[in-house]
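Any read-out appearing in this document is the output of simple, stated calculations on the displayed coordinates, not a laboratory observation. These figures come from a predicted structure and were not determined experimentally. Methodologically, a virtual Cβ is constructed for each residue, glycine included, from the backbone with ideal geometry; neighbour enumeration extends over all protein chains shown.
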Amino acid sequence: MQGPSDLKKRPWYYCVDCSYGFSPLDKVLEISRKKHQFDIQKKSTKTAAEMPFSGSSELFAELTGHSVSDHFMHTTFEEVGAYACLEDVIPSKEKIAKRSQEVNERAWQPVLVVASDGAHVPTRPKAKRDEKRGKGRWQEAKGFRIYLLGKDRIVHVASWHQIQNEEQFGDDLLLVASRIPQNDLRIGLLGDGADWLWKHMTSCFPKGRQILDYFHCAEHIHKVGRLQYGEGSQKCLEWVESTLTRLFYAEVDNVIWGLQRMKPRDDLAKEEIRKLIGYLDNNRERIHYRGDRIGGYPIGSGGIESANKFISHTRMKRSGAWWVKETGNEMLAIRCAIYNGTYDQVFDKYKKDQLSA
């Protein structure tokens with residue numbers, strides 16, 4: 001970033017047998033073998049994580065005065081992204097403990113929220129430059145966000161999103177759970193009605209208080225109300241409000257009993273009523289919103305939804321964007337590292353490996 005530097009003389013060693021050449025001074029001065037040095041690589045990678053490679057190349061040149069091709073930004077990003085593994089992207093046990101102490105300002109234990117959800121990402125098969133791209137499809141980037149509730153603020157702990165299957169999601173969450181001082185915290189587990197989500201959250205945080213996302217639950221109530229009584233009708237509004245009030249006070253059995261006695265308007269309403277009964281029955285132990293509010297737990301999934309938007313949607317769902325799974329996961333990992341405040345250590349790991357090569 002400081003411009004060209006001229007090294008008049010430096011010792012250079014060359015091995016005839018293995019055809020490997022190196023200079024000890026390069027390692028001491030941390031000189032990259034690439035055209036652009038590590039400080040430019042670090043900043044260009046972070047820029048590429050915010051906007052498309054072509055646009056980030058132009059912006060980088062405008063802001064720094066250094067012309068960097070979009071090809072260089074793309075290849076460097078992929079190389080750095082390969083080092084953004086879960087172990088380095090997630091803060092250390094010591095850092096998480098320190099953040100927990102920052103919010104320990106109440107008379108009772110602070111609340112740690114574990115919220116999980118999926119965000120769909122447009123993907124396509126990997127192909128060479130001269131090959132025709134395969135048909136694209138949407139894949140779910142399963143992720144979680146963990147944060148602490150302070151007196152008047154949220155203290156972020158960790159986020160992680162990847163295009164992966166359920167088993168891999170569970171393994172990732174388990175690793176993060178091992179770094180959290182669970183005995184020193186009250187833990188709230190927040191999610192929608194997906195079984196795979198609750199399976200892994202309760203396994204990794206067995207003492208966590210399970211909370212069904214209030215707004216996800218309300219969507220199901222509103223849908224039945226519209227189909228049964230007509231959208232916007234007075235009867236619909238009255239039924240929805242009274243039902244949500246009963247659920248707020250954990251009267252799940254009364255709501256289910258009322259749905260069972262309801263005479264469906266048509267077959268479509270009948271099917272949605274049936275689904276709602278099953279949904280409430282499966283999640284009855286997670287519906288206790290009044291108690292959650294009294295205890296200082298959140299009842300809405302705004303925390304994970306904002307993480308989905310910031311980490312995935314704003315970069316991955318741009319017009320015309322399609323991602324190879326590997327590159328998409330690298331992008332998600334780098335953005336998580338930036339979000340978690342661990343990007344520096346991810347890049348330092350990449351730089352150390354490059355210098356030792």
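So how strong a dipole does the chain carry about its Cα centre when Lys and Arg Cβ are +1 and Asp and Glu Cβ are -1, to the nearest 20 debye? Spell out each step's value before the answer.
Numbers: 55 positive and 48 negative charges, 55 e Å.
It comes to approximately 260 debye.
Excluding same-chain residues fewer than 8 positions from Lys9, which aspartates and glutamates have a Cα within less than 12 Å of its Cα?
Asp26
Distance cut-off 27 Å, Cα to Cα: go down the list Lys128/Lys309; Lys35/Lys132; Lys98/Lys207; Lys126/Lys309; Lys46/Lys349 and report the pairs above it.
Check vs 27 Å cut-off fails for Lys128/Lys309; Lys35/Lys132.
Arranged by the count of other C-beta atoms within 10 angstrom, fewest first, what order do Trp196, Trp323 take?
Numbers: Trp196 16, Trp323 22.
In order of increasing Cβ crowding within 10 Å: Trp196, Trp323.
Considering only DSSP beta bridges with both partners in the chain, what is the antiparallel share in %, to the nearest 5? Present the calculation step by step, with values, prior to reporting the outcome.
Values: 25 of 35 bridges.
Looking only at bridges with both residues in the chain, the antiparallel portion is about 70 percent.
What distance in nm lies between label points placed 7 Å from Cα along the C-beta direction at Glu241 and Gln101?
Using points 7 Å along Cα→Cβ, the separation is 5.0 nm.
Let me check I've understood the local charge: for Glu305, count other residues with C-beta under 11 angstrom from its C-beta, Lys and Arg +1, Asp and Glu -1. What total comes out? Provide the component values of the computation, followed by the final result.
Working: positive: Arg145, Lys309; negative: Asp117, Asp192, Asp213.
Net charge in that neighbourhood comes out at -1.
Take every Cα-Cα pair in region 99-203 and report what % of them are more than 20 Å apart.
Working: 2658 of 5460 pairs.
Summing the P(r) tail past 20 Å for region 99-203 gives 49 percent.
For the chain, what does -39500 (n - 2.57) per DSSP helix run (n ≥ 4), summed and divided by total residues, give at 222 nm, in deg cm²/dmol to the nearest 500?
Values: 16 runs with 176 residues, N = 357.
It comes out at -15000 deg cm²/dmol, rounded to the nearest 500.
Rank these for me by crowding, Val224, Val80, going from fewest to most other beta carbons within 10 Å.
Numbers: Val224 23, Val80 27.
Ordered by Cβ neighbours within 10 Å, fewest first: Val224, Val80.
Which of the lysines could a cross-linker span from Lys223 if the Cα-Cα distance has to be under 19 Å and same-chain partners fewer than 8 positions apart are dropped?
Output for Lys223: Lys235, Lys263, Lys270, Lys275.
Around Ser178, what is the net charge, scoring Lys/Arg as +1 and Asp/Glu as -1 over all other residues with Cβ under 12 Å from its Cβ?
Numbers: positive: Lys93, Arg179; negative: Glu87, Asp171, Asp172.
Net charge in that neighbourhood comes out at -1.
Shape of region 13-81 from its Cα gyration tensor (a ≥ b ≥ c, root eigenvalues): rounded if a/c is under 1.5, otherwise prolate when a/b > b/c, or oblate? Can you show the working numbers first?
Values: a/c = 3.02, a/b = 2.30, b/c = 1.32.
Prolate, since a/c reaches 1.5 and a/b exceeds b/c.
In nm, give the distance between the simple-model label positions of Asp281 and Gln182, each being 7 Å from the Cα along the Cα-to-Cβ direction.
Distance between label points: 3.0 nm.
Which order results if Trp160, Trp138 are arranged by neighbouring Cβ count within 10 Å, fewest first? Walk me through the numbers on the way to the answer.
On the way: Trp160 25, Trp138 8.
Ascending Cβ contact count within 10 Å gives the list Trp138, Trp160.
Can you list which of the chymotrypsin sites (Phe, Trp or Tyr not before Pro) found in region 1-109 are DSSP loop residues with at most 14 other C-beta atoms within 10 Å?
Working: sites: Trp12, Tyr13, Tyr14, Tyr20, Phe22, Phe38, Phe53, Phe60, Phe72, Phe77, Tyr83, Trp108; in loops: Trp12, Tyr83, Trp108.
Of the chymotrypsin sites (Phe, Trp or Tyr not before Pro), the ones in loops of region 1-109 whose Cβ has at most 14 other Cβ atoms within 10 Å are Trp12, Trp108.
Which GluC sites (Glu not before Pro) in region 70-136 sit in a loop by DSSP (not H, G, I, E or B) and have at most 11 other Cβ atoms within 10 Å of their own Cβ?
Numbers: sites: Glu78, Glu79, Glu87, Glu94, Glu102, Glu105, Glu131; in loops: Glu105, Glu131.
Hits after loop and neighbour filter: Glu105, Glu131.
Using modelled backbone amide H atoms (1.01 Å from N, in-plane), which distant-in-sequence or interchain residues come within less than 5 Å of Gly300's amide H?
Counting only residues 5 or more places away or on other chains, the set is Tyr214.
Any chance you could run the full-extension gain for Gln109 through Glu62? It's 0.36 nm times the residue separation minus the Cα-Cα distance, nm to one decimal. Walk me through the numbers before you get to the answer.
Details: separation 47, 0.36 × 47 = 16.92 nm, distance 4.89 nm.
Difference between extended and current length: 12.0 nm.
Give me D for the chain in µm² s⁻¹, whole number, from Stokes-Einstein with Rh from the Kirkwood sum over alpha-carbon pairs, 10 °C and 1.306 mPa s.
67 µm²/s
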